[in-house]
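Values in this text are rule-based calculations from the coordinates and carry no lab data. What you are looking at is a predicted structure, and each value in this text was computed from that prediction instead of being measured.
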Amino acid sequence: MHMADALVTPAVGVAMWAAAAVLTAASAKKLELQNDDRTVPLMGVLGAFVFAGQMLNFSIPLTGSSGHLGGGLLLAALLGPAGAFITIASILAVQALIFADGGLLAWGCNVINLGFWPCFVAYPLIFKPLVGAGTSKPRLWLASVIAAVVGFQLGAFSVVMETALSGVARLPVVPFLLLMQPIHLAIGLVEGLATAAILGFLHQARPELLRRDAMGTGRSLRPVLIGLFIGALLIGGMSSWFASANPDGLEWALRELAGSGAPVVSGRIHQLVAGSSTAGIIGVLLVFEVAGLAGLTIIRRRRAAATA
Amino acid sequence: MFNPAAALAELGALDRLAAGDTAVHRYDPRAKLAVTLAFVIAVASFPPTAFAGLVPFALFPLVMAIAGGVPGRYLWSRILWVLPFALLLGIANPWLDRVPVVTVGGLAVTGGWLSLGSIILRVILTVSAALVLLATTGIHPLCRALNALGCPRVLTVQVLLLYRYLFVLVEQSARIRMARGLRLGQRPTLAEAGTLLGQLLLRAIDRAGRIHLAMRSRGFDGTFRLARELRWIRRDTLFLCSWLVIFIFLRAIDWSRLGGGIS
């Protein structure tokens, strides 16, 4: 069951819509550039297949709840991240419109939870490096399971964050997390096994279907970077809302030893910005700048050294 | 489990309803889409414990369903199907939030119960709005409307292809089921189910490839053309503006003053 409109506020819903829209536009651009004729019918039929697969609920023992497959990792392995993301977006759109599974406002949230994490994070960063050339079966199973589990953990985490930020379902964050993450661990395991089984079957029956793009050729990291940047901004902006008011380790130690807590800064800017979302966002931007500059400098130095 | 016949009937029902020709069907799909999105945003913008304020919003799906010829039984069956999941997530609210907010006839109602009721109401409202939209618009015009509002063509073509291939897939699976049932009779084991699923996937991929080739050789270039071109007329502006005004009005009224205390 995907997130319903009843669970999100317009602020969260629209924000996630914006993120999903950016990624959709970027993926569409990428697909148009590829212009692979084979991908179009494949996206349609795999979308239908995963759609049907998502209707199968398997019960998770000992919890009294059930889970269903996501299919993001499988789609990414067969269509590439951009194609898989568009396919997941279309599946969620059809489910929201026709089967009332997942709301219109919550579509953006669902696309990020079920599409972004498996297609742009789990597949390129975990599955592809682990699976290598793709001829070794144990590696395929290992890569599928790990990538699926990580993808689902991240997805479940974003569901909790979106629900908590909306505040309609008054579930306290920590118990909700403790409930969601283990269940999605089990679901991720099943998803990984199912993905590996299907990929193994296709490797035997129709090897030409499996993506042949070698590591690093023509594969653009930009959607991943954009998505990670947005994610970092969101986390930086919002984590201050959940920050505990209790003293941290250092402040507690200071209080015990010196009788007073952390030193108080009296500067005006610090008072304006401290502890708020602005601080988080400024922090992310600063880190992005610094890391980006450092990375560029390193690359330039390396290139200079290589040509010298 | 996946029931091909029921799924096919479900998809077909919506197609048939969308092919109707009532006054609602004739409005521009862009107007209907915009109004539905505004409706969903208005409903979602209520605070978590709002209940009475949400009830008047039922006007929109009711009017559209009645004027658009959408059978109430169909709407209800879809809503009932979705309600248990909404209940599941809101069911903890009465235990988590026990602060009494309002008194109704001597009984103190806590914020938790109000927010649970609010969640249920929101689900009913948003689900019926989405279903009525599709039942009075049809997926082709709706995708055209999405394109007009800026949705990338790749996504809408994919939605349309997905929609059509669902029928292909269901047909294939029904055929495989029947063939197997005629030969063996009893239910398949897990290993058999896996092989059957693999066969289904391969057949569906092949069939989809052939269909796509056929479409290409008939000149398909990624754009779906409608029998009726989209034309925005004054009636559509009236439709859009009147519903927007109604939503803003209903949202802005402070119902707690009028309703005697239930917010």
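In this structure the amide hydrogen of A:Ala106, modeled in the peptide plane, comes within under 5 Å of the amide hydrogens of A:Asp5, none closer than 5 places in sequence on its chain.
Tell me whether region B:1-156 comes out rounded, prolate or oblate; compute the Cα gyration tensor, take square roots of the eigenvalues as a ≥ b ≥ c, and use a/c under 1.5 as the rounded threshold.
prolate
Compared with the dominant principal axis of the Cα atoms in chain B, helix B:139-148 is inclined by about 70°. What the phi angles of region A:300-306 give under the Karplus curve with 6.51, -1.76 and 1.60, with θ = phi - 60°, is a coupling list of 4, 4, 5, 5, 4, 5, 5 Hz, glycine and proline written as x. Amide H contacts of B:Thr110 (H built 1.01 Å from N, in plane; Pro and chain starts excluded): B:Val101 sit under 5 Å, all sequence-distant by 5 or more or on other chains. The angle separating the long axis of helix B:29-44 from the principal Cα axis of greatest extent in chain B is about 50 degrees. Cross-link partners of A:Lys128 among lysines, defined as those whose alpha carbon lies under 30 angstrom from its own and excluding same-chain residues fewer than eight positions apart: A:Lys29, A:Lys30, A:Lys137.
Adding -39500 (n - 2.57) for every DSSP H run of four residues or longer, then dividing by how many residues chain B holds, sets the calculated 222 nm ellipticity at -23500 deg cm²/dmol.
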